[in-house]
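Following: one structure in structure tokens, then a few remarks.
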Amino acid sequence: MAEKSFLVQRFAKLQLGLYHVIGYSVAGEETVVQVPELNVCFDIGRCPYFALTSDYVCISHGHMDHLAGLPYYLSQRYFQGMKPGTVFLPAELEKPVDQLLRCWRDVERQGTPFKLVPMRPGQLYEVRRDFGIRAVATHHGGPSLGYVLISIREKLKQEYMGVPGPELVAMKKKGVEIQYRVEVPLVAYLGDTTLGPVFDEPDVQNAEILLTEVTFFDADHRNKAKLGRHTHLEHFLTLASKLKNKNIVLIHVTRRTGIQRAKRILRKRLGDEVMKNIHILMDLEDAREEGEVEDAGPPPADTAE
Ligand SMILES: [Zn+2]
Ligand SMILES: [Zn+2]
């Protein structure tokens, strides 16, 4: 049994309010984080099986540990008879990634369809009338973006409260603006980033769930954080007062420190009260083995063997 579990990759599965956060994230190795209820996967890592079920993938930047599995994700979905995946990515990466995916078509001799959506900081892509994905600039050296999943709601203006329904319909037909738009940030994912203006974005500060990296915890890793443009615990501590998120999930912890040690250092610095809302994704107390993570896997295709 022990030997078997050593060979099986374990994934995290957290339930935070209405949403699950499923994934795997270790610095330099693999990062993939899914929110199944919102049909979105942030980065794709090596494309573990559960990631196939998300129709939307948001790529934060071009490092291999975050996007190696992209051709596999698209190819498998096609092979399994699922609709083509939609991939959001920094606009600067559109061309090289497009070339990469076309090469794969030739290599694999399969006309895998894909849809790339180039994104720029601040841009909002409305997936549906009531749901959008906004890109925010992050700070990792090359082109990099974070993404915020936004619930878009139309609300009746105060002055029209109590007006009977048919009258409201008539007014709307005449072109009266009886509603106003409310955007509620549900989940923000920042990928790899060091400190910077991204943490002043209202969407980032107020998202119900914030997924952000803290790669380094040890004092003698400060220089590594600086060189790689990653977040060190000392940076993160300076943010605590401005982040209003119900839950913060830390990702991308280096193996050099190890999760249990990182957790102890974090608890010591932040205190038990603050730690109630802060989770380390790979703190695998509630981990599932590969194959146990997805309750609803992709539908088996006719062609599946
Ligand atoms: Zn990384
Ligand atoms: Zn990176």
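Couple of notes before you dig in:
- Residues of the stretch 94-110 satisfying the condition of being basic (K, R) and in a helix (DSSP H, G or I): K95, R102, R105
- Scanning the stretch 246-287 for residues that are of a type in the set (D, E) and within 20 Å of Q205 (Cβ to Cβ) turns up just one, E273.
- Check on V253, closer than 19 Å to K13 by Cα and among the hydrophobic types (A, V, I, L, M, F, W, C): yes
- Only one entry in A240, A225 is in contact (Cβ under 8 Å) with a residue 12 or more places away in the chain, more than 19 Å from V32 (Cβ to Cβ), of a type in the set (A, V, I, L, M) and within 16 Å of ligand 1 (Cβ to nearest atom), namely A225.
- Criterion violated by M82 - all others in (1) within 16 Å of ligand 1 (Cβ to nearest atom); (2) farther than 20 Å from K13 by Cβ; (3) in contact (Cβ under 8 Å) with a residue 60 or more places away in the chain satisfied: (1)
- Filter result (among the charged types (D, E, K, R) and either within 11 Å of the chain's Cα centre (by Cα) or within 12 Å of I22 (Cα to Cα) (or both)) within the stretch 37-54: E37, D43
- Residue in the stretch 56-101 that is nearest to ligand 2 (Cβ to nearest atom), counting only those that are closer than 18 Å to G141 by Cα and among the charged types (D, E, K, R): D65
- Residues that are within 16 Å of ligand 1 (Cβ to nearest atom) and crowded, with 18+ Cβ neighbours inside 10 Å, drawn from the stretch 64-79: D65, H66, L67, G69, L70
- Subset of the stretch 112-141 (residues that are touching a Lys or Arg at 6+ places or on another chain (Cβ under 8 Å) and modelled with pLDDT of 95 or more): T112, G122, Q123, L124, Y125, D130, A135, H139, H140
- Of the residues making up the stretch 35-44, one or more are within 16 Å of ligand 1 (Cβ to nearest atom), closer than 20 Å to Y125 by Cβ and among the aliphatic types (A, V, I, L, M).
- Check on V249, among the hydrophobic types (A, V, I, L, M, F, W, C) and either within 16 Å of ligand 2 (Cβ to nearest atom) or out of contact with any strand residue (DSSP E or B) (no Cβ under 8 Å at 6 or more places or on another chain) (or both): no
- Qualifying residue in the stretch 190-200 (condition: surrounded by 21 or more Cβ atoms within 10 Å (Cβ to Cβ), at pLDDT 95 or above and more than 15 Å from ligand 2 (Cβ to nearest atom)): yes
- Picking from residues in the stretch 253-277 that are among the polar types (S, T, N, Q) and touching a helix residue (DSSP H, G or I) at 6+ places or on another chain (Cβ under 9 Å), the one that is surrounded by the fewest Cβ atoms within 10 Å (Cβ to Cβ) is T257.
- Test: residue in the stretch 162-179 that is part of a strand (DSSP E or B) and closer than 20 Å to H63 by Cβ: no
- Qualifying residue in the stretch 32-49 (condition: under 21 Å from I278 (Cβ atoms) and more than 16 Å from ligand 2 (Cβ to nearest atom)): yes
The values are calculated or read from the model by the stated rules, or taken from the named source; none is laboratory data. All figures in this text were calculated on a predicted structure; none of them were measured in a lab. Note that each Cβ is placed from the backbone with ideal geometry, even for glycine, and that neighbours are counted across all protein chains shown.
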